[in-house]
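Written below as structure tokens is the structure these notes are about.
The values are calculated or read from the model by the stated rules, or taken from the named source; none is laboratory data. No experiment lies behind these values; they were computed from the predicted model shown. Here Cβ is always computed from backbone atoms with ideal geometry, including for glycine, and neighbour counts include all displayed protein chains.
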2 protein chains.
Amino acid sequence: MSYSINEVANKFGLSVHTLRYYDKEGLMPFIGRDKSGNRVFTETDLNWVAMVCCLKDTGMSIKEIKKYADWCTEGMQSIDERKAMLAAHRKQVVKQIEDLHKNLELIDSKIAVYENPELAQRLYGGLDKSALIP
Amino acid sequence: MSYSINEVANKFGLSVHTLRYYDKEGLMPFIGRDKSGNRVFTETDLNWVAMVCCLKDTGMSIKEIKKYADWCTEGMQSIDERKAMLAAHRKQVVKQIEDLHKNLELIDSKIAVYENPELAQRLYGGLDKSALIP
DNA sequence: ATAGTGCTTCGAGTTTACTCTAGGTCAAGG
DNA sequence: CCTTGACCTAGAGTAAACTCGAAGCACTAT
């Protein structure tokens, strides 16, 4: 089974522009073409696109993803680098999750204030300047 | 106790440029000035800056944060809107955390492959084209 | 008095990641 | 045959969020 760029774009919630842009930037150095030059994505390619989306959605820059892609096309010799990169990135993702949890707490405390204005009294000892509760 | 823009920048890991930019964009419509025109941050202001950072770090755009700031200076009449905005944003943050957890799983599975190449055999039935394991 | 430090504004420049336009090729259907 | 639709490339344009440079006050220390 193979897929057109349009199908892949729909599958991953990207635009075809974005997919071509990723290709142009070297994030997909292996997508095949049919006889008229159109990109043809295989199942394996879909897995790779999923990985690119994963890295992008977790905050890795296009440049870094390209570095990873380049290492992957280089073959086995870059396995250590790739592993190290993923391990470092993993740490960052864990930190992102922790930070989001912390920020969620602050948001929740603000929501609590809005839901129970008496809390504001206790927290701030009355209304702020310009009635700015949070 | 009060703080200069430099102290606040250090406290929050922002640059003074960024703080001034936020001020210019209307994210801090209340910071006082001393007699020579320099910004003076109070403890209350620090709490507000923390909230701005929280919203920014959880992906809210400057424009949206400004809307929130405007509502806050408007006074009590906008409490419902603010509460709704924070509740909606809270949902987004929860979704971000969920998505990060999913992406973390994928990253972990790739790391596992690097740590145990036999896994790759089972997962992919041998090496990919161009020895691209993941 | 003058040099240095830290603040000010305004506006221009930069980076990142798209996003779109123009003009073109190719294969199928009427 | 010709139109339609999906694809192609190259390159220009855009939005967001900074980031920086220039020029200038105000206070302090020598």
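What number of residues in region B:57-85 are facing another protein chain (nearest Cβ under 8 Å) and farther than 16 Å from B:Leu27 by Cβ?
4
Quick check: is even one residue across region B:34-42 within 15 Å of DNA strand C (Cβ to nearest atom), part of a loop (DSSP other than H, G, I, E, B) and within 18 Å of the chain's Cα centre (by Cα)?
Scanning region B:34-42 turns up no residue that is within 15 Å of DNA strand C (Cβ to nearest atom), part of a loop (DSSP other than H, G, I, E, B) and within 18 Å of the chain's Cα centre (by Cα).
Considering only region B:73-85, state which residues are part of a helix (DSSP H, G or I) and free of Cβ contacts under 8 Å to residues at least 12 places away in the same chain.
Residues satisfying the conditions are B:Glu74, B:Met76, B:Gln77, B:Ser78, B:Ile79, B:Asp80, B:Glu81, B:Lys83, B:Ala84.
From B:Asp57, B:Asp70, B:Asp99, which residue is closer than 19 Å to A:Ser109 by Cβ, modelled with pLDDT of 95 or more and of a type in the set (Asp, Glu)?
From the options B:Asp57, B:Asp70, B:Asp99, the qualifying one is B:Asp57.
Regarding region B:56-68, can at least one residue be identified that is basic (Lys, Arg), part of a helix (DSSP H, G or I) and surrounded by fewer than 13 Cβ atoms within 10 Å (Cβ to Cβ)?
yes
Out of the residues in region A:20-32 that are without any contact (Cβ under 8 Å) to a residue 24 or more places away in the chain and within 11 Å of DNA strand C (Cβ to nearest atom), state the one that is surrounded by the fewest Cβ atoms within 10 Å (Cβ to Cβ).
If we take residues in region A:20-32 being without any contact (Cβ under 8 Å) to a residue 24 or more places away in the chain and within 11 Å of DNA strand C (Cβ to nearest atom), then A:Lys24 is surrounded by the fewest Cβ atoms within 10 Å (Cβ to Cβ).
With respect to B:Lys95, determine if the residue is of a type in the set (Lys, Arg), within 20 Å of A:Arg90 (Cα to Cα) and within 9 Å of another protein chain (Cβ to nearest Cβ).
no
Going by what's in this entry, would B:Ile111 be described as among the aliphatic types (A, V, I, L, M), surrounded by 17 or more Cβ atoms within 10 Å (Cβ to Cβ) and more than 27 Å from B:Ser15 (Cα to Cα)?
Yes, satisfied.
Being small (Gly, Ala, Ser) and within 11 Å of DNA strand C (Cβ to nearest atom) is the filter; apply it to region A:1-19 and report the residue that is surrounded by the fewest Cβ atoms within 10 Å (Cβ to Cβ).
Per the criteria, the residue is A:Gly13.
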